[in-house]
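Since the structure comes first, as structure tokens, the remarks are kept for the end.
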DNA sequence: CATTTCAGTCTACAACCGTTGACTGAAATA
DNA sequence: TATTTCAGTCAACGGTTGTAGACTGAAATG
């Protein structure tokens, strides 16, 4: 009943090792961020050698770029309601899949200018796609704020462990957030309730 | 017309030097985060010596704790509307004052577990203060999400430079955000518009 | 004036980092 | 089988970091 165990070929060995390196890198970059993750610690977890990582990926930076990704999203619909639902869908997707690559990018975003620029560009692209469906001069601000909300929600849940937010079911979280997001896509700006009269 | 220039006393010199160190530390921790800021670079900017920083503050960590702060907020009112306005006020305050200490804490939050815990605890305290004014089992989730929104807004504006969000006037930003925050304090969860019927 | 205190300077250490290059041995190739 | 290729190992490099400690000279103190 024993299947014949051929020794793995050279390309098989290489593929397996590369895969172990990538998995360990993804995990550690997501858990500790770019600076606190070392080539040596990745090599240890992947049960290989630091020098081999350099040979396969060139540099720590290149390895990071290989595993840290920020998903850019799909077309967003044409009415404000569709835009809101589309953005909520996008957030729900990011909450459901435990993409260590995304977490790696977000975790390193505040200390690595290149990562920050990548996240900023991704949200900026989202704004560009959605701004047409919204009217008003502040459409960019509104979509940008929805991006900020998504960012804060993911960070608060996955990286900070905020009470309530971390334990909530994704579907419930989205349902609670839905009115707020819809308010941002088709609502009017609301002055403070006790506001003094202002310039016309 | 020349005011007599007495050489500064020893305690004056010490106070001035300490102040320069603290200012440089605040600025660099806010700009580059904990890991990428070095004692030496702080000393250079403060025109002093790394060894002196150690003698005055004990360690890099202690210096960070001296300048990185996260403001905890005031009582929040008793009705959902008051809670919403109070939280918006709190966000407006953080957007108005360019508190390098807060930015230092936020910038380091995703890579320093101690900083993350401090931010988490501050938002958690906010939740505790506000949860009484809100009814429903998901009150904690709602307030937590408002905390996440504040977090995402500050990060998006001050640290990421999101289009629209970064250039907006604080007052306009708050006004646009207001309906969303109010929706979170007194709104009902909203199911998706195309939802199938669910269990009662 | 003699002594003490202490802000500020300088040098060095031990640890860690990313990265390099030489080496080994087995698999692939001819 | 003889030769080449290449995955994997090992030791070392130059640089940077936080930190410690000895030293200097002027201000404070008696």
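Which value, in nm² and rounded to one decimal, describes the direction-averaged projected area of the C-alpha convex hull of the protein assembly as shown?
30.6
If you average the sequence gap of Cα pairs under 8 Å that are 6 or more apart and divide by the length of the range B:12-67, what percent do you get for the contact order? Kindly include the intermediate steps, with their values, before the conclusion.
Working: 39 pairs, mean separation 22.2, N = 56.
Computed over the range B:12-67, the figure is 40 percent.
Find the all-direction average of the projected area of the Cα convex hull for chain B, expressing the result in square nanometres with one decimal place.
Its average projected convex-hull area is 17.2 nm².
How far is residue B:45 from itself in the other copies, in nm, if each label sits 7 Å out from Cα along the Cα-Cβ line, shortest first?
3.1
Could you work out the mean count of beta carbons from other protein chains within 10 Å of each residue's beta carbon in A:103-114?
Taking the mean over all residues of the peptide, I get 3.
Please give the helix A:10-36 orientation as an angle from the longest Cα principal axis of chain A, in degrees from 0 to 90, rounded to the nearest 10.
Once rounded, the angle reads 40 degrees.
For residue B:82 and residue B:56, compute 0.36 nm times the residue count separating them, minus their Cα-Cα distance, and round to one decimal in nm.
4.9 nm
With an 8 Å Cα cut-off and a minimum separation of 6 or more residues, compute the relative contact order for chain A in percent.
In percent, rounded to a whole number, it is 22.
Tell me which A residue has its C-beta closest to the axis rotating A onto B, and the distance in Å?
A:152, 1
Hey, if you drop one equal point scatterer on each alpha-carbon of the range B:12-67 and run the Debye formula without solvent, what base-10 log of I(q)/I(0) do you get at q = 0.23, 0.28, 0.31 Å⁻¹?
-0.80, -1.22, -1.50
Taking the label point 7 Å from Cα in the Cβ direction, how far apart in nm is residue A:93 from each other copy of itself, listed shortest first?
Result for residue A:93, in nm, nearest copy first: 4.0.
Along Cα→Cβ at 7 Å, what distances in nm separate the residue A:31 label point from those on the other copies, shortest first?
Ordered by increasing distance: 3.4 nm.
Would you mind checking the range B:11-30 for residues with the amide N under 19 Å from a putative spin-label position 7 Å along Cα→C-beta of residue B:97?
Within reach of a label on residue B:97, which here means backbone N under 19 Å from a point 7 Å along Cα→Cβ, the range B:11-30 contributes B:22-30.
Under the 0.36 nm per residue contour assumption, what length would be gained going from the current alpha-carbon distance of residue A:167 and residue A:20 to full extension?
49.9 nm
Taking chain B as the reference, fit the longest principal axis to its C-alpha atoms, fit the long axis of helix B:80-96 to the helix C-alpha atoms, and give the angle between the two in degrees, 0 to 90, nearest 10.
Approximately 30 degrees, to the nearest 10.
Which value results for Rg/Rh of the range B:88-200 when Rg is the Cα radius of gyration and Rh the Kirkwood radius based on the inverse mean 1/r?
With Rg and the Kirkwood Rh in hand, the quotient comes to 1.02.
The numbers here are math on the coordinates, done by the rules we state, and not lab data. Values in this document were obtained by computation on a predicted structure and should not be read as measured data. When we count neighbours, we look across all protein chains shown, and the Cβ atoms used for this are built from the backbone with ideal geometry, even at glycine.
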